[in-house]
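Data first, discussion second: the structure below is written as structure tokens.
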Amino acid sequence: VILTSRNAIDHFFRVCEEMKVAVSQDTKYFCITEAVALYLQKFILYRKRKVFYGADGSNKSLFDVINKHKSNERFLYVCSENQQDSEITGWLKTNNCDFSLAFMYRTVSNDVKDMLTQTAFDVICFFTPSGVKSLFDNVPKFKQNGTVIGAFGNNTSKAVEEAGLQLEIKAPQPQAPSMVAALEKYLSANVPKK
């Protein structure tokens, strides 16, 4: 099972429970980050030989892990109906992996138009590409106008840049493994001390 978010984990196990499907103890889980892998503990007995994750949270590191197991495994890529990662599906096809897509949930934008148009924000941080999409769904003519933009993860960073926004805070990085650490680093470097 390929999992790229906590959301995917929640919905995978919810659907299995609703369908009364017992997940085999031999199932292997391939996760995008260690944080996603550790979240599996909520649902399974966590064993290192069953749970694998990329070294740095990038798709490339996930591919390196999958590559070691691709010859004798069938993969199920659990993703959102409208947001599967084309880089992952493309890699699986190119490398002749036996895989299926499992659309387990749908990502929809909340209506936050009033909040976004009535308040000027100093910083907006995105954690998923759908967050970037939601911003433009709510405020189609959004202009950055000095608002600092942060993004967590490579796919989110790519979505920010494709939307024409200037990305100033990027996480995870070796010196900033979380968004909190990245914000702290940015603020200490750019905000004068009083």
Which residue pairs have Cβ atoms closer than 9 Å, lie 6 or more positions apart in sequence or on different chains, and pair a first residue in segment 6-26 that is at positive phi with a second residue that is surrounded by 15 or more Cβ atoms within 10 Å (Cβ to Cβ) and modelled with pLDDT under 95? none
Search segment 88-129 for residues being of a type in the set (Gly, Ala, Ser) and more than 17 Å from TYR77 (Cβ to Cβ), and hand back the single one that is surrounded by the most Cβ atoms within 10 Å (Cβ to Cβ). SER109
(1) part of a helix (DSSP H, G or I); (2) not assigned by TED's automatic domain parsing to the domain that holds ALA37 all hold for ASN145 apart from (1)
Subset of segment 13-58 (residues that are part of a helix (DSSP H, G or I), of a type in the set (A, V, I, L, M, F, W, C) and closer than 26 Å to PRO172 by Cα): ALA35, VAL36, ALA37, LEU38, LEU40
How many residues does segment 136-163 contain that are out of contact with any helix residue (DSSP H, G or I) (no Cβ under 7 Å at 6 or more places or on another chain), surrounded by fewer than 20 Cβ atoms within 10 Å (Cβ to Cβ) and under 20 Å from ASN82 (Cα atoms)? 6
In segment 66-84, anything crowded, with 16+ Cβ neighbours inside 10 Å and either among the basic types (Lys, Arg) or within 23 Å of ALA176 (Cβ to Cβ) (or both) is listed as LYS70
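How many residues are among the polar types (S, T, N, Q) and closer than 19 Å to THR4 by Cβ if we restrict to segment 141-172?
Qualifying residue count for the region: 4.
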When the residues of segment 164-194 are narrowed to those that are of a type in the set (Lys, Arg) and loosely packed, with under 10 Cβ neighbours inside 10 Å, which ends up nearest to VAL123 (Cα to Cα)? LYS193
Cβ-Cβ below 9 Å, separation at least six or inter-chain, first residue in segment 36-63 and at pLDDT 85 or above, second assigned to a loop (DSSP other than H, G, I, E, B) and among the acidic types (Asp, Glu): which pairs? LYS50/ASP26
Could you tell me whether any residue of segment 91-98 is β-branched (Val, Ile, Thr), free of Cβ contacts under 8 Å to residues at least 12 places away in the same chain and part of a helix (DSSP H, G or I)? yes
Against the definition (of a type outside the set (Phe, Trp, Tyr), assigned to a helix (DSSP H, G or I) and free of Cβ contacts under 8 Å to residues at least 40 places away in the same chain), how does SER157 come out, yes or no? yes
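The values are calculated or read from the model by the stated rules, or taken from the named source; none is laboratory data. Bear in mind that the values here come from a model prediction, so they are computed numbers and not experimental data. FYI the Cβ positions are ideal-geometry reconstructions off the backbone, even for glycines, and counts take in every protein chain you see.
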